[in-house]
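Below: one structure, written as structure tokens.
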Amino acid sequence: MSVASLVLGIIGIITAFTGILAPVGFILVVVGLILGIVDVVKKGKIGGKKGIGIAGIVICAIMVVTLLIESAIMVLGVGMYMINSASTLDSSDLDVQAGTAFNSKFLSYMGRQGGTATKQLLSVISSNNILYPEHTVTCMLDGSIEYDLSTARTKIFTSRYYQVSFSYDSDGYVNRVNITTQY
């Protein structure tokens with residue numbers, strides 16, 4: 001048991017240098033400390049040599065304290081990082097995230113599209129304009145603005161291809177879809 005105590009104390013020293021294994025090392029040094037104490041008490045009753053057991057106890061006791069301090073520092077460090085990260089998140093970050101989420105439903109239609117996909121895009125715009133009237137999206141079809149999206153849908157033919165691009169407002173939100181017929 002004394003050798004096991006000493007070995008577990010040495011393993012505790014090694015794990016103290018690795019942040020990930022420190023909790024495992026803490027458990028091992030506590031077990032090593034208990035084994036060392038039991039060994040020294042047993043050998044004290046029978047008059048055996050206690051040197052290795054005492055060395056194991058000393059190393060394990062030092063490592064218990066060291067690993068507790070290391071764990072406390074790590075917890076405080078992570079806590080401070082989380083507090084600082086939360087405090088640096090401002091409304092402009094949230095605006096960017098909202099704009100990105102808003103724009104993502106349109107961006108998959110960018111580029112050359114078939115007529116069916118282009119009609120689907122107009123349906124997405126119609127739904128968007130109902131859900132987000134503060135971010136109304138208009139449609140420019142072959143150079144003229146179409147305010148009535150159902151009329152624009154009738155001008156899109158499934159047998160043709162269309163080039164789709166976007167214009168953005170000053171806040172970065174899509175505010176116009178530009179559709180050009182490809183001949």
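Residues checked against (1) over 15 Å from MET1 (Cα atoms); (2) surrounded by fewer than 17 Cβ atoms within 10 Å (Cβ to Cβ):
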| position | (1), (2) |
| --- | --- |
| THR18 | yes, yes |
| PRO23 | yes, yes |
| ILE27 | yes, yes |
| GLY32 | no, no |
| VAL40 | no, no |
| GLY44 | no, yes |
| GLY51 | no, yes |
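Filtering region 105-122 to residues that are surrounded by fewer than 16 Cβ atoms within 10 Å (Cβ to Cβ), assigned to a helix (DSSP H, G or I) and at pLDDT below 90 leaves LYS105, LEU107. Taken over region 94-132, residues that are within 20 Å of ASP171 (Cα to Cα) and in contact with a Ser or Thr (Cβ under 7 Å, 6 or more places away or on another chain) amount to 2. Listed by position, the helices (runs of 4 or more DSSP H) inside region 1-91 whose residues that are of a type in the set (Phe, Trp, Tyr) number at least 2 form an empty set.
The values are calculated or read from the model by the stated rules, or taken from the named source; none is laboratory data. This one's a predicted model, so the numbers in the text were calculated from it and none came from an experiment. For neighbour counting, all protein chains shown are included, and Cβ atoms are generated from backbone atoms with ideal geometry for every residue, glycine included.
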